[in-house]
Every structure is written in C-alpha cells, then in structure tokens.
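Note sheet for the following structure.
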Amino acid sequence: MRYLMTLISIMLKIKWQPDWMQNQSPEANHFYRRTFTRSYRTKKRIVKNIWIAAGLLMLINPVIHIVMLIALPATLLSFVILDETS
C-alpha cells in the first residue's frame, strides 16, 4: 500500500508541477533550487531555532502585546536570514 501511495505521489508531481520544480539539483542562483543547497538548509535550521525560542517566550507570557512584540521581529529576522543573506 505504501508503494502505491508513493507511486501516485510521484505521478501527481510529474503531472502538476512545472518542469523547473521537478529538478531538485541544488543551484545557488536559481530562485527555487537554491532551497536545496547546504547553506540554505543550515539557514532553515537557524530560523527553526529562532522560532522555537520565540514560541517558548510566547508561552511564558501569553499576553497579546508581548506575543506580537516577539512574533513580528522573529518574522522579520526569519525573512532576513533566509532571503537576504547569501
């Protein structure tokens, strides 16, 4: 059953995804395939750790203005790390 689901998933990917999305080889200059590079995965780990820390801080003090004070800079920092750095 698991193999059938995998086969169906692959067939749907081939049918619905554009050609440039099916190629998953890492390339630093391509807007989509840069997400498969080692440096981007490292940045994703950093962002995940930032959000874990922000989530813990939000759970410690769950007041809406404190949550917003933590969430908005964490979002900005996440975008800066993932998009703007090379």
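The values are calculated or read from the model by the stated rules, or taken from the named source; none is laboratory data. What you see is a predicted model; the values in this text were computed from it and never measured. Note: accessible area is taken over every heavy atom of the protein model, side chains too, but ligands, DNA and RNA are not part of it. Shrake-Rupley method; radii C 1.70, N 1.55, O 1.52, S 1.80 Å.
Ordering 60, 10 by accessible area with a probe of 1.4 Å, largest first, what comes out? Display every interim value, and only then the final one.
Numbers: 60 130, 10 85 Å².
The ordering from most to least exposed comes out as 60, 10.
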- Message: Can you compute 3J(HN,Hα) from phi for each residue in segment 11-26, using the Karplus curve 6.51 cos²θ - 1.76 cosθ + 1.60 with θ = phi - 60°, rounded to whole Hz and x for Gly and Pro?
- Response: 5, 5, 4, 5, 6, 9, 8, x, 4, 5, 8, 6, 7, 10, 7, x
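Hey, what number do you get for the chain at 222 nm if only DSSP H runs of n ≥ 4 count, each worth -39500 (n - 2.57), divided across all residues, to the nearest 500?
On the way: 4 runs with 58 residues, N = 86.
Taking each H run of at least 4 residues, the total per residue is -22000 deg cm²/dmol.
Over the chain, what is the mean sequence separation of C-alpha contacts under 8 Å (at least six apart), divided by residue count, expressed as relative contact order in percent?
Numbers: 40 pairs, mean separation 15.7, N = 86.
Across the chain, relative contact order equals 18 percent.
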- residue 79 - accessible surface, heavy atoms, 1.4 Å probe, Å² rounded to 10: 130 Å²
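Could you put 51, 16 in order of accessible surface area, largest first, with the 1.4 Å probe and the full protein assembly present? Please report the intermediate quantities before stating the final value.
Values: 51 90, 16 190 Å².
From most accessible down to least: 16, 51.
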- Within straight cross-link reach of residue 15, meaning Cα distance under 30 Å, which lysines are found once same-chain residues fewer than 8 apart are removed? 44
- Query: Rounded, prolate or oblate: which one fits segment 1-63, using the alpha carbon gyration tensor with axes a ≥ b ≥ c (rounded when a/c is under 1.5, else prolate when a/b beats b/c, else oblate)?
  - Reply: oblate
